[in-house]
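Take a look at the structure set out below.
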Amino acid sequence: MIAVLLLGGGGHCKSVIDVIEQERKYSIAGIIDKKELIGTSVLGYEVIGCDDDLQELFKKFQHAVITVGHVKSNAIRVKLFTLLKEIGYALPVVVSPLAYVSKRASVDEGTVIMHHALLNACAKVGKNCIINTKALCEHDCVIENHTHVSTGAIVNGGAIVKANSFVGSSSVVVECATVSGFLKAGSLNRVRP
């Protein structure tokens, strides 16, 4: 198994740990978090360093997964993605075995597909995205880089969710709409192209 570092030890990290354990493709080498948390653990995995240690840790581990969530802002996720790429880390795609990803869909580096998410034919998901639990990304939709499609959200066929966006829990993006920014939980977006 490939050893990966997890960057961020909060609630989203716990969910990603569960996905990684279920997928059985990667082993968790440790968690990177705030300096004062070194030596603590999250679900039995030790916090082994902080961002300042990433360069040195790269000598031993070349793969990393960003496990900081994205609710109010994705600034930390984008910063970490850029830093990891500059150092040379590979950012694998992590997919829950309980999710469905069509063989005709595409998912780019650093993206995590959580339990029971669905990506149908020709859906395209960019870099460093979160497709959260029970989210649906329908045929031909495009989810651009650094975006979070939250729990139970629906992005219908042909819709485009622009980079750095957040689609809140249970939100619906109607077919062929283009959205950007922050869609609050439960919102229905009827913007047409």
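Taken together, the values in this text are just the output of simple stated rules run on the coordinates, not laboratory data. Predicted model only: the values in this text are computed from it and were never measured. FYI the Cβ positions are ideal-geometry reconstructions off the backbone, even for glycines, and counts take in every protein chain you see.
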Check: Most mobile of Thr82, Thr133, Thr111 per a Gaussian network model of the chain (Cα springs, under 10 Å)?
Finding: Thr82
Check: How would you rank 56-63, 171-178, 122-129, highest first, on the average number of other Cβ atoms within 10 Å across their residues?
Finding: 122-129, 171-178, 56-63
Note to self: Let me see the P(r) profile for region 2-87: every Cα-Cα distance counted, bins of 10 Å, each bin given as a percent of all pairs.
What the structure shows: 18, 55, 27, 0
Notebook entry, point to check: Residue-wise, which Karplus ³J(HN,Hα) couplings in Hz belong to region 41-48, taking 6.51 cos²θ - 1.76 cosθ + 1.60, θ = phi - 60°, and x for glycine or proline?
Noted result: 9, 10, 6, x, 9, 6, 7, 9
Notebook entry, point to check: What pairs from Lys25/Lys184; Lys79/Lys103; Lys25/Lys85; Lys25/Lys162; Lys72/Lys134; Lys59/Lys134 go past 32 Å between their alpha carbons?
Noted result: Lys25/Lys184; Lys59/Lys134
Checklist line | Packing-based exposure ordering (other Cβ within 10 Å, fewest first) of Arg77, Arg104, Arg24 | finding: Arg24, Arg104, Arg77
Next item on the list: Would you list, by chain and number, the aspartates and glutamates whose Cα falls below 12 Å from the Cα of Lys35, excluding same-chain residues fewer than 8 positions away?
Entry: Asp51, Asp52, Asp53
Margin query: Give me, ordered by chain and number, the residues 5 or more places off Ile154 or on other chains with an amide H under 5 Å from its own placed amide H.
Written below: Leu136, Ser171, Val172, Val173
Next item on the list: Put one equal scatterer on each alpha carbon of the chain, apply the Debye formula with no solvent term, and list log10 I(q)/I(0) at q = 0.12, 0.13 1/Å to two decimals.
Entry: -0.54, -0.63
Next item on the list: Would you please give the residues with an amide H less than 5 Å from that of His63, counting only those at least 5 places away or on a separate chain, with H modeled from the backbone geometry?
Entry: Leu5, Ala90
Margin query: Give the separation of the Cα centroids, region 94-116 to region 121-193, in Å.
Written below: 14 Å
Check: What relative contact order, as a whole-number percentage, does region 2-87 give when Cα pairs under 8 Å and 6 or more residues apart are counted?
Finding: 36 percent
Margin query: Using a Cα-Cα cut-off of under 12 Å, which aspartates and glutamates could be cross-linked to Lys127, ignoring same-chain neighbours fewer than 8 residues away?
Written below: Asp108, Glu109, Glu144
Checklist line | Beta bridges by DSSP in region 94-188, antiparallel share as percent, to the nearest 5 | finding: 0 percent
Note to self: Please list 3J(HN,Hα) in residue order for region 69-78, calculated via the Karplus relation 6.51 cos²θ - 1.76 cosθ + 1.60 where θ = phi - 60°; whole Hz, with x for glycine and proline.
What the structure shows: x, 9, 10, 7, 7, 9, 4, 5, 4, 5
Margin query: Using only DSSP helix segments of four residues or longer, with each worth -39500 (n - 2.57), what per-residue ellipticity at 222 nm results for the chain after dividing by its residue count and rounding to 500?
Written below: -4500 deg cm²/dmol
Notebook entry, point to check: Restricting the count to DSSP beta bridges whose residues both fall in the chain, what percent are antiparallel, rounded to a multiple of 5?
Noted result: 5 percent
Notebook entry, point to check: Between Ser41 and residues 5 or more places away or on another chain, which pairs have amide H atoms under 5 Å apart, with H built 1.01 Å from N, and which residues are they?
Noted result: Val47
